[in-house]
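Below is a structure I'd like to ask you about.
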Amino acid sequence: MRPTPGKTYKVVVWATGGVGRYAIRTAADRPNLELVGAWVHSATKDGQDIGSLAGIESLGITATRDIDALLGGEADCIMYAAPAGPRPKEALADFCRILAAGKNIVTTSLPGLVYEKGSLSERYLEPIREACRAGDSSIYSSGIEPGFGCDLFPIALLSMSHRVYSVRGIEITNYSQYPVEFDVRELFGFGQPLDYQGGLKRPGVLKWGWGAAVTMVADALGVELDEIRETCEFLPTPRRLETACGLIEAGTVGATYARCVGVVDGQEVITIEHVDRMADDLAPEWPTGRTGGTDGIWRVIIDGEPSFDGEFEVGYHDDESASDHGLLATGMRAVNAIPWVCEAPTGIVDALHLPLTSPLGALHPQRDGVPAF
C-alpha cells in the first residue's frame with residue numbers, strides 16, 4: 001500500500017469550485033502528480049484552460065464536460081470535488097461510473113463515506129463496492145472534518161492512553177464568510193426561523209454525515225456502539241448580520257450546536273460536536289477554543305488516564321482567512337492521499353487503515369512553486 005518510489009500519478013480534478021481549484025494548484029505543484037484533465041459542469045468553463053480556472057498560469061490543459069473522454073484517458077485517480085450532500089443519488093452514479101472505468105477516487109464530497117460503517121446504508125455502499133470490483137479500483141473519502149479533526153486526530157491522541165472514559169471532538173467555526181448557500185441556509189439552518197425542522201434537525205441527518213466518523217473512533221478503541229444519538233440546538237442572532245450568503249435577519253438562527261453521539265453501556269462516550277456561529281459574539285456559553293477562539297478550531301477533549309485537551313487552528317495569522325485555509329486543508333486530505341489510494345487494495349479505503357498520507361513533494365525551503373492563495 002506504499003506509493004511506488006519515483007512514480008508519477010496522473011490526476012483528473014472533477015469540478016473546479018472551492019476545493020477543486022486548490023486541488024488543481026496543488027497537483028500542478030507536486031513532482032509526483034501530473035494533471036491530465038478536469039471535468040466541469042458549466043458550459044462557460046468547457047474548453048477553458050484549467051490553470052486559468054484555478055487562478056494560476058495556463059497549464060495547457062483544457063477543461064471538459066466530456067465524461068467519456070476523461071474516463072477513457074490515462075488518469076490513475078479522479079479527485080472528486082463536486083457537491084454530493086444535496087445530490088447523493090447523482091454522486092453515487094458518478095462514483096460507480098468512475099470506479100467501474102478503472103479510475104481510483106479521492107473525494108471530499110461525501111462525509112459519510114469516510115468509514116464503511118456508521119453512516120451510509122448497504123443499499124448505497126454495495127454499488128460502490130461492485131464498481132470497485134469491476135474496475136479493480138479504490139475510493140477514499142476525507143476532509144478536515146470528518147476525516148481528520150474529530151476522528152483521526154483523536155485516534156492519534158488515544159495512542160497515548162491507558163484508560164479512556166470519553167472522547168469529544170469539537171469543530172468550532174464562524175460561517176459568516178462561507179459562500180455555499182445550501183450548507184449555510186438549508187443544512188445548518190442559518191437565517192431560518194427558530195422552529196426550523198430541516199437540515200441538521202431532520203432525524204438521521206447527523207448520523208448520515210458524522211456517524212461513520214464516530215464509528216471509526218469506536219473501532220479504533222475496539223468497541224461496538226449500542227446506538228448513535230443526535231441532538232441539535234439553535235440560538236437566534238439579536239441583530240441583522242451581513243454574510244457571504246446574504247442577510248441573516250435578527251431573531252432567526254444565528255448559531256447552531258449539533259452533536260452526534262456514540263453510546264456504550266448507556267454512556268455517551270464518543271461525541272462529534274459542531275459549534276457553528278454567524279458572529280463571534282453569539283452563543284458565548286457554547287464551546288470555544290482553549291483561549292476563547294470561535295473560528296477555524298478543532299478541539300479534542302479526552303477524559304481518561306491521561307486526560308487530554310488538544311486543538312489545532314487553521315488560518316491563524318491575522319491576515320489569513322480561516323474559511324479559505326479550512327477549505328484548503330479539506331482538499332489536501334484527499335490530494336495528499338492520491339499515491340496511497342492508487343496503491344491500495346480494491347474497494348473502500350479509510351484513514352484508520354491507510355498509512356499516514358504525508359504530503360510528498362510539499363516542502364519548499366525557498367518558498368517557491370505554485371501558491372495556494
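Each value in this text was obtained by applying a stated rule to the coordinates, not by laboratory testing. This structure is a prediction, so every number in the text was calculated from the model and none was measured. Glycine gets a Cβ as well: all are built from the backbone with ideal geometry, and neighbour counts include every protein chain shown.
Relative to the compact-globule scaling 2.2 N^0.38 Å, provide the ratio for the alpha-carbon radius of gyration of segment 214-297.
Values: Rg = 16.0 Å, N = 84, 2.2 N^0.38 = 11.8 Å.
So the Cα radius of gyration is 1.35 times the expected 2.2 N^0.38 Å.
Any idea what the dipole of the chain comes to, in debye rounded to 20, about its Cα centre with Lys/Arg Cβ at +1 and Asp/Glu Cβ at -1?
700 debye
Give the relative contact order (percent, whole number) for segment 296-373; include only Cα pairs under 8 Å separated by 6+ residues. Intermediate results must be reported in sequence, preceding the final value.
Numbers: 50 pairs, mean separation 14.5, N = 78.
Answer for segment 296-373 is 19 percent.
Considering the options Ser42, Gly72, Thr357, tell which one lies farthest towards the positive end of the dipole of the chain, charges being +1 on Lys and Arg and -1 on Asp and Glu at the Cβ, about the Cα centre.
Positive-end residue among those listed: Gly72.
Along the charge dipole of the chain, Cβ charges K/R +1 and D/E -1, which of Ala322, Thr16, Cys260 sits furthest on the positive end?
Thr16
Project the alpha carbons of segment 269-357 onto their principal axes and report the range along each, largest first, in whole Å.
Largest to smallest, the principal-axis extents are 47, 38, 19 Å.
Given Cα positions, please report Rg to Rh for the chain, the hydrodynamic radius being the Kirkwood one.
Over the Cα atoms of the chain, Rg/Rh equals 0.96.
Multiply the residue gap between Lys7 and Asp303 by 0.36 nm, knock off their C-alpha separation, and tell me the result in nm, one decimal place. Could the numbers behind the result be given before it?
Working: separation 296, 0.36 × 296 = 106.56 nm, distance 4.36 nm.
Full extension from Lys7 to Asp303 adds 102.2 nm.
Given R₀ = 35 Å, FRET efficiency for Ala93-Ser161 by Cβ-Cβ distance, to 0.05?
Working: r = 42 Å, r/R0 = 1.20.
Efficiency for this residue pair is about 0.25.
Mean separation of Cα pairs under 8 Å and 6+ residues apart, divided by the residue count of the chain: what relative contact order is that in percent?
Taking the mean separation of contacting Cα pairs over the length of the chain, I get 21 percent.
Sorting Cys245, Cys77 on the 10 Å Cβ count, fewest up front, what's the list?
Cys245, Cys77
To the nearest 20 debye, what charge dipole does segment 136-250 have about its Cα centre, counting +1 at the Cβ of each Lys and Arg and -1 at the Cβ of each Asp and Glu?
Taking the Cα centre of segment 136-250 as origin, the dipole is about 320 debye.
Just tell me which lysines come within less than 17 Å, Cα to Cα, of Lys103; anything on the same chain fewer than 8 places away is out.
Lys7, Lys10
Using r as the Cβ-Cβ distance of Glu181 and Ser42, and R0 as 22 Å, what FRET efficiency do you calculate, to the nearest 0.05?
Details: r = 17 Å, r/R0 = 0.75.
E(calc), rounded to 0.05, equals 0.85.
Continuing with the same structure: Tell me what the chain gives for mean residue ellipticity at 222 nm when only DSSP H runs of n ≥ 4 count, each as -39,500 (n - 2.57), the sum divided by the residue total, rounded to 500 deg cm²/dmol.
Value at 222 nm, helices only, nearest 500: -7000 deg cm²/dmol.
In debye to the nearest 20, how big a dipole does segment 260-345 give about its Cα centre with +1 on each Lys and Arg Cβ and -1 on each Asp and Glu Cβ?
320 debye
Run the numbers for Tyr316 and Leu352: contour at 0.36 nm per residue of separation, minus the present Cα-Cα distance, in nm. Please report the intermediate quantities before stating the final value.
Working: separation 36, 0.36 × 36 = 12.96 nm, distance 2.76 nm.
Gain in length upon complete extension: 10.2 nm.
To the nearest whole percent, what portion of all C-alpha pairs in segment 1-128 is separated by more than 23 angstrom?
Working: 2619 of 8128 pairs.
Within segment 1-128, distances greater than 23 Å cover 32 percent of Cα pairs.
Considering the convex hull of the alpha carbon atoms of segment 152-313, report its projected area averaged over all viewing directions, in nm², one decimal.
Averaged projected hull area, Cα only: 9.3 nm².
Place +1 on the Cβ of every Lys and Arg and -1 on the Cβ of every Asp and Glu in the chain, take the dipole about the Cα centre, and give the residue among Pro5, Pro238, Ala100 whose Cα lies farthest towards its positive end.
With unit charges placed on the Cβ atoms, the residue in question is Ala100.
Another question about this same structure. Whole-Hz ³J(HN,Hα) for each residue in segment 260-266, computed from phi via Karplus 6.51 cos²θ - 1.76 cosθ + 1.60 with θ = phi - 60°, x for glycine and proline: what do you get?
Working through the residues one at a time gives 10, 10, x, 10, 9, 6, x Hz.
How big is the antiparallel share of DSSP beta bridges in the chain, given as a percent to the nearest 5?
Of those bridges, close to 55 percent are antiparallel.
For the chain, find the longest principal axis of its Cα atoms and tell me its angle to the long axis of helix 205-220, 0 to 90°, nearest 10.
In the chain, helix 205-220 runs at an angle near 90 degrees to the longest axis.
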